[in-house]
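All of the numbers you see were taken from the coordinates with simple rules; none came from a lab. All values reported here derive from a predicted model rather than from experimental measurement. Using ideal geometry, Cβ is built from the backbone for each residue, glycine included, and neighbour counts are taken over all protein chains shown.
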Amino acid sequence: MIKRVVDFFGDEEHANQRRRLFYLVLVLIVIADFLVHREHAEYLWDRLPGWSAVYGFLSCVLLIFVSKFLGHRAGLMRREDYYD
Amino acid sequence: MTDFVHPALLFILGALPIPFLNGSIRKAYLLLIPALAILAVLTIQPGSYGATQFIGQEILIAKVDKLSIVFATVFTIMALIGTVYALHLPRPGQHVAAFVYVGSALGVVFAGDYLTLYLFWEGMAFASAYLVFAQGGRQAIAAGFRYLMVHITGGVVLLGGVILHGLSTDSLLFGPIAGEMGVGAYLILAGFMLNAAVPPLNAWLTDAYPEATVTGAVFMSAFTTKTAVYVLARAFPGTELLVWLGTAMALYGVVYAVLENDCRRLLAYHIVSQVGYMVAGVGIGTEMAVNGATSHAFAHILYKALLFMGAGAVIYVTGRRKLTELGGLYKTMPVTVALYMVGAFAISAFPFFSGFVTKSMVVAAAGQDHRALVVLALTMASAGTFLHTGLKLPYYMFFGTDRKLEAREPPRNMLVAMGMAAVLCIAIGVVPQPLYALLPYPVDFEPYTGVHVTESLGVLMFTALGFVIFLRALDPENTISIDTDWFYRKGARVFMWIAGKPLTRYEKTVSDVSETAALPFLHGAARAGLWIDLAGVDAIVNGVARAILNGGGTLRRLQTGVVTHYALAMIAGVIAATVVFAVVWR
């Protein structure tokens, strides 16, 4: 069972199924976010359905590119023999 | 102390017979000790144990309350899991070190005074350093020395703080630092923050953990930073500084994880990030925040150990640790992949996994405390956590480019240990109430509300979307990243250069001058002195002595002792006197 699940995520032949399933999940999450009950909205963004999706995506993109910028342009990344 | 068996004692004394046991007896014994310790913690009663006096100070070996029981519970459970994971090791050394390490961590957790705390604190540093040295090889030994140096420095800072604090408050009992923070309190805080890996004091962690042995790193990921969270929660709840340092930590670790190529160093940076949530929670200091920090430490120990066990299994089987050299292992290691992913979902705080019911408590506490910026930053760090430990690391380690590595599932005991941790990660996520019941304050928090579930899934799954779109940008690169260890690694080199170049040159110049000029002059002067001494002073002294000796000899000849000689001399004298008298008078 475990092997079949893992293979589903690894094998090339399931790529299209994987992609379809993934987008379906994304859509369902956004729809569900519009349906849930919001009573303890602390901040402005708590009242916006779909905010978490936008914020998650932006966070991801921001983290990737800010880090790579720091690594390549600000010189955090060095050759492996840097300390030798 | 009849109704209380100190679990630290079980581990530290229990470590002594290990080298003398072999085979399955040793295995059974290794499992028995943590099992007994779990039992001891389960039956422990709150109270104070082992109060005594030492150098005029009150000492309290064990102070048991709810906060210490939570940490002791997860520490002993983790000791059992870690021991199972390490059960296949043929040599006893690492088992002994691990037991002393766990025992010392438990000693810190129950310590009722700063002296006891300090002793166990140093015990942890030395026992854990062994787990790095045991890996062998130049790199590991160098990292082990750096680790030891940093922790000894931290220990000295802590001891200095303890002494100053003790002098100003007249007590060494360990508890919340009340009132104005003095120099002593700040030094104690610095010592604690070093072990919690709060930047800029964090680099020892990401430097040493990836160099430790496969099984040693599992223990290390669980104990040092979490005892530090415990002592921070005990002594410094509500310290504003910790809120901001913790929040910065959460993002700091995530940023570095993007750049990292070594699989265990990536996970180590996520320890920094996750401990950031706990430090921030302690800093916020409300009942809910301290509960959140405590429960997150509990969950973190289990899922982080699971992740380290998964990465360790890959290193054990393939001998490789760089993401650029790994890939395509899912076919040969499906069980490892599945168990690793349980840990990944738990750290990412997916619903029905442990992180979801603990991490969100910290974030919710920040929200309740009206700290919008902290909430946003911690949520962003959550996205980063899933991005790296849930997507990037498993993708490049298990899927991605197939490097055609020869691999198989790791030994059974490793899989069993991973299974134990995985079961707990899911159990806590599905039924959080038993964990909530252990927490120091009553819990008024419901993780499974509709909006919380959809929001978490939204953040996580749209992070996954970003990952899918920008996958190529995340490709690991064959580099290392500069962290704050740069200062002491390069600093040590500057020190060695100063010792090697300017100091030696000065020393050589001085010795050259003394050899070419000063020494010959001194030699000449000494020779002249010797000549004067021999030819002048000695000659005079000897001459005088010889003259006196000769005079004495001559005089002695006059003293014959014969009466007729004396009579003759007297007659001669009288005649001479008469002659003189006659001549001179005239």
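List the residues, sorted by chain then number, that are 5 or more residues from B:GLN57 or on another chain and whose placed amide H is less than 5 Å from its amide H.
Close amide H contacts, sequence-distant or interchain: none at all.
Determine, for B:TYR114, A:TYR55, B:TYR316, A:TYR43, the number of other Cβ atoms within 10 Å of each Cβ, and report the residues in order from fewest to most. Kindly include the intermediate steps, with their values, before the conclusion.
Working: B:TYR114 25, A:TYR55 21, B:TYR316 16, A:TYR43 13.
Neighbour counts put them in this order, fewest first: A:TYR43, B:TYR316, A:TYR55, B:TYR114.
To the nearest 10 degrees, how steeply does helix B:93-110 sit against the main Cα axis of chain B, on a 0 to 90 scale?
Taking the Cα atoms of chain B, the angle to B:93-110 is about 80 degrees.
Tell me whether chain B comes out rounded, prolate or oblate; compute the Cα gyration tensor, take square roots of the eigenvalues as a ≥ b ≥ c, and use a/c under 1.5 as the rounded threshold.
prolate
Could you tell me whether region A:1-74 comes out rounded, prolate or oblate from its Cα gyration tensor? Rule is a ≥ b ≥ c as square roots of the eigenvalues, rounded for a/c under 1.5, then prolate if a/b exceeds b/c, otherwise oblate.
Judged from the Cα gyration tensor, region A:1-74 comes out oblate (a/c at least 1.5, b/c at or above a/b).
Count, for each residue of B:462-471, the Cβ atoms from other chains sitting within 10 Å of its Cβ, then give me the mean as a whole number.
6
Each residue of region B:526-536 in order: what ³J(HN,Hα) in whole Hz does its phi give by Karplus 6.51 cos²θ - 1.76 cosθ + 1.60, θ = phi - 60°, with x for Gly and Pro?
Karplus values, whole Hz, x for Gly and Pro: 5, 5, 4, x, 5, 5, 4, 4, 6, 7, x.
When the Karplus curve 6.51 cos²θ - 1.76 cosθ + 1.60 is applied with θ = phi - 60°, which whole-Hz ³J(HN,Hα) does each residue of region B:179-192 get, with x for Gly and Pro?
x, 4, 7, x, 4, x, 5, 5, 5, 4, 4, 5, x, 5
If I model a spin label at B:PHE495 and B:ILE152 as a point 7 Å from the Cα along the Cα→Cβ vector, what separation in nanometres do I get?
1.0 nm
Given axes a ≥ b ≥ c from the Cα gyration tensor, I'd like to know whether region B:1-226 is rounded (a/c under 1.5), prolate (a/b larger than b/c) or oblate. Spell out each step's value before the answer.
Values: a/c = 2.20, a/b = 1.24, b/c = 1.78.
Taking the square roots of the gyration eigenvalues as a ≥ b ≥ c, region B:1-226 is oblate.
Applying a 10 Å radius around every beta-carbon, put B:145-158, B:259-272, B:465-478 in order of their mean neighbour count, most first.
So the peptides B:145-158, B:259-272, B:465-478, ranked by packing, come out B:259-272, B:145-158, B:465-478.
Taking a cut-off of 28 Å between Cα atoms, list the lysines near B:LYS322, but don't count ones fewer than 8 places away on the same chain.
Result set, ordered by chain and number: A:LYS3, A:LYS68, B:LYS226, B:LYS304, B:LYS331, B:LYS392, B:LYS404, B:LYS490.
Convert each backbone phi in region B:291-304 into a coupling constant with the Karplus relation 6.51 cos²θ - 1.76 cosθ + 1.60 (shift: θ = phi - 60°), then list the ³J(HN,Hα) values in order as whole Hz, x for Gly and Pro.
With coefficients 6.51, -1.76 and 1.60, one gets 4, x, 4, 5, 5, 5, 4, 4, 5, 4, 4, 6, 6, 5 Hz.
In whole angstrom, note down how far apart the Cα centers of region A:4-76 and region B:9-31 are.
Each part reduced to its Cα centre gives a spacing of 48 Å.
Residues of A:2-11, mean number of Cβ from any other protein chain within 10 Å of their own Cβ, rounded to a whole number? Provide the component values of the computation, followed by the final result.
Details: counts 6, 6, 1, 4, 11, 4, 0, 7, 11, 3.
Mean shielding count: 5.
So, R0 is 35 Å and r is the distance between the beta-carbons of B:THR509 and B:ALA535; what FRET efficiency does that work out to, to 0.05?
Numbers: r = 38 Å, r/R0 = 1.08.
With a Förster radius of 35 Å, E is 0.40.
Over region B:305-402, what is the relative contact order in percent, taking alpha-carbon pairs closer than 8 angstrom and at least six residues apart? All intermediate terms of the calculation are to be shown ahead of the outcome.
Values: 92 pairs, mean separation 38.5, N = 98.
Reported as a whole number, the value is 39 percent.
Quick check: net charge around B:ALA111, other residues with Cβ under 11 Å of its Cβ, Lys/Arg +1 and Asp/Glu -1? It would help to have the intermediate numbers written out before the result.
Working: positive: B:LYS63, B:ARG234; negative: B:ASP113.
It works out to a net charge of +1.
Between 0 and 90 degrees, rounded to the nearest ten: what's the tilt of helix B:450-469 against the longest Cα principal axis of chain B?
It is inclined by approximately 70 degrees.
Please work out the Cα center distance from region B:439-516 to region B:133-156, rounded to the nearest Å.
About 16 Å separates the Cα centre of region B:439-516 from the one of region B:133-156.
On a 0 to 90° scale, report how tilted helix B:214-235 is relative to the longest principal axis of chain B, with both axes built from alpha carbons and the result rounded to the nearest 10.
On a 0 to 90 degree scale, this one is about 90.
In region B:298-339, whose amide N lies under 19 Å from the spot 7 Å out along Cα-to-Cβ of B:ASP65? List them in ranges.
B:298
Please compute the contact order of chain B in relative form: average sequence separation of alpha-carbon pairs under 8 Å and at least six residues apart, divided by the residue count, as a percent. The partial results should precede the final answer.
Values: 884 pairs, mean separation 73.4, N = 586.
Dividing the mean separation by the residue count of chain B yields 13 percent.
Explain nothing, just the number: relative contact order of region B:1-226, from Cα pairs under 8 Å at least 6 residues apart, as a whole percent.
Working: 329 pairs, mean separation 46.3, N = 226.
Value for region B:1-226: 20 percent.
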